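Undergrad: One structure is given below, represented as structure tokens, and several questions about it will come after.
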Amino acid sequence: MSSASWHVRIACGGEAGAGFLVSERHVLTCAHVVRDSARAPVAVSFPHREDLGEVTAAVCAHGGWDGRSDDLGDLAVLELEHTVPLRPAEFAAPEDAYAEPRPRLLVYGFPKGYREGTLAEYRATAAQRIADEWVQLEAWSAHGQPLAPGFSGSAVTLADSNRVVGMVSAASRAAGGVRNGRMLPTSVMARYWPPLGDLIPTPGHQRTAKERLRALVERASEAGVAGDPERLYRDAVGPFDPPVPPGGFGSLWSAAWYVLSEVDDPDVVTRLADRLAGLLEAPALPFGPLGPASPASPASPASPASLAGPAPGELPVWSPILVEIDHSGAGDDQFLVEVSAYREGLRHPVGSATVAASHVRSYVQERVDDAFSHLTPGTDELLAFVLPRALLNWPVAQWECGADDPTPLGCSYPLVVTDRSRRKGGLRHRLARQWEQLDGRATTVLHRVECGTREKPNKLRFRLRQDGADLAGFAAPPRAAPPRADRTGRADRTGPDADADVTHFDVSLTVPVPMLLWPRTGCEDAEHHRDGMGCQGSDFLDRLAAHIDGYPPAELPRTIMSLRESADAADEPDKHWARDVQLLWDDPRCFPDAPPAHRHSPVA
């Protein structure tokens, strides 16, 4: 141990403990060793270099420990009053402590009666952490030195290399001669003091990339532009990287260190650093909890243009939240509700449950709120309800955002519906091809379907297909046509007039028309056209055509949201022509068909 002159003894008030030098002027120890530092001086001495005498130190950083033995963050950083001519401790990779067979670990402490210090031999019981904070230590032999008071703050080192893998934080509290204790592994210690991250090896990550990331974290924290570390983390990692830990991240640095210590892909470090650089370089724009948001691309830093939403002439970059609702088969009043979020083309499950009809709304509200944390910062959120055909007229746009926010969902976010039966290969392929043509259009063309039309449904099918329609607007809400009965009283779907049983709305759903739009309420009597009466539905289509003129098809969800907002803000919202507008908007490129991984257990 002659080379381990970096071991230190610490005295503070009535407490004595250990620590270790990590720079020419900084020492690490447990916070509880220096708990009286506000009232008593902290004296540091070096048992291997008595000629240096005692050096006064002050606590310059703290892990947040609150005084309880089971509290987290039992770490303190001491700054010496002057530098010392000693080589600091060196660190091993954190996982080196858990190799098989378990390596022998040495601890140098100062229990009562050993002012000069003494050694104890231990090993890690397992790599699994207790409360994601501590690793359990067990004695190497049954007759060795126990971890008595005075070992707190001691460096835990590999016996063969003398490199540090942790710090003793607690001695055994078990009876019956059990000799164990706990250590803070270096991977946990670095959460509380960022400079330590530069000293701990992180295989696969280059030192320059680590230093750049830490510098950007410091700048972003000081500037206050990154207040949602969980969202930044999700934006940087891929679908197979570790999820956010159960307790989340207490700081931006803890998220960055999690990337360095738990994620193997070095590109994630680069992406996270690039996003922070983009946030710092972009103008301060009020875009959500991250401040100015970063772009959808995982490989490039955010540009100011991408942070302000689509510029004039640019198409929106939608990040959909998908809400799928269908009958569960468990009863007429039971629905299967699944919520997921798309990020960079990949689908991430958020929640799935079978709920009673009366609870569907509240379940959706909760899960949608959770889904926002999965979206790529800087993209445009799109709330899409996938419904069975019989439920396409549900007032989902009028559902409140939450128990504490009565704002309708359709006024807060671009909200669309789509038909579950449309998620089939052939039709989706044709829809995607249609959208490739629509992307180049500067305005949306409305193809009208009047509520009193005498046009046969099969003629409408031909017209929509022939014209390559982009938006079919209906003057009346969809209604199911009752099937005719044959002489036996059974429904008859055969014969020359079978097409009459199919509504115009049904026909439009089988044609690759990307968008359908209708009023949820309105004309119920198709006969008034034949009597020369006025039509509320026709007025609806007239106003709608004027409103969408000049807006490209990709912008329609946002255009309809602005219509709903205008209706909600009107003096008499219930009488506003656009209050109940329903938009079916179907771009397969936004909703890839691949199901989310592990949505259901294969043995459930």
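Bear in mind these aren't lab numbers, they're just calculated from the coordinates by the rules spelled out. Computed from a predicted model, the values in this text were never measured in an experiment. Neighbour counts are summed over all protein chains in view; Cβ atoms, including those assigned to glycine, are modelled from backbone coordinates with ideal geometry.
Undergrad: Would you order 253, 394 from fewest to most other beta-carbon atoms within 10 Å of each residue's own beta-carbon?
TA: Working: 253 22, 394 18.
By the 10 Å Cβ count, ascending: 394, 253.
Undergrad: Would you mind telling me the antiparallel percentage of the DSSP bridges in the stretch 318-419, rounded to 5?
TA: Numbers: 19 of 31 bridges.
Just about 60 percent of them are antiparallel.
Undergrad: Within 10 Å, count the other beta carbons around each residue, average over each peptide in 412-423, 216-227, and list them highest first.
TA: Numbers: 412-423: 20.2, 216-227: 17.1.
By packing density, highest mean first, the sequence is 412-423, 216-227.
Undergrad: Sticking with this one: Show me the trypsin sites (Lys or Arg not before Pro) within the stretch 31-94 that DSSP assigns to loop and that have at most 13 other Cβ atoms within 10 Å of their Cβ.
TA: On the way: sites: 35, 39, 49, 68; in loops: 35, 39, 49, 68.
Loop-located and lightly packed - 39, 68.
Undergrad: Separate question: Residues in the stretch 383-399 near a label at residue 420, defined as backbone nitrogen under 17 Å from the 7 Å Cα→Cβ point?
TA: 384-396
Undergrad: Any idea how far the Cα center of the stretch 7-29 sits from the one of the stretch 85-104, in Å?
TA: 19
Undergrad: May I ask you to order 560-566, 515-521, 55-61 by the average number of other C-beta atoms within 10 Å around their residues, highest value first?
TA: Values: 560-566: 20.1, 515-521: 22.6, 55-61: 16.7.
Going by the mean number of other Cβ atoms within 10 Å, highest first, we get 515-521, 560-566, 55-61.
Undergrad: Let me ask something additional. Which of the aspartates and glutamates could be linked to residue 459 by a straight reach, that is with a Cα gap under 16 Å, when you skip same-chain ones fewer than 8 residues away?
TA: Within reach: 450, 467, 497, 499, 501, 506.
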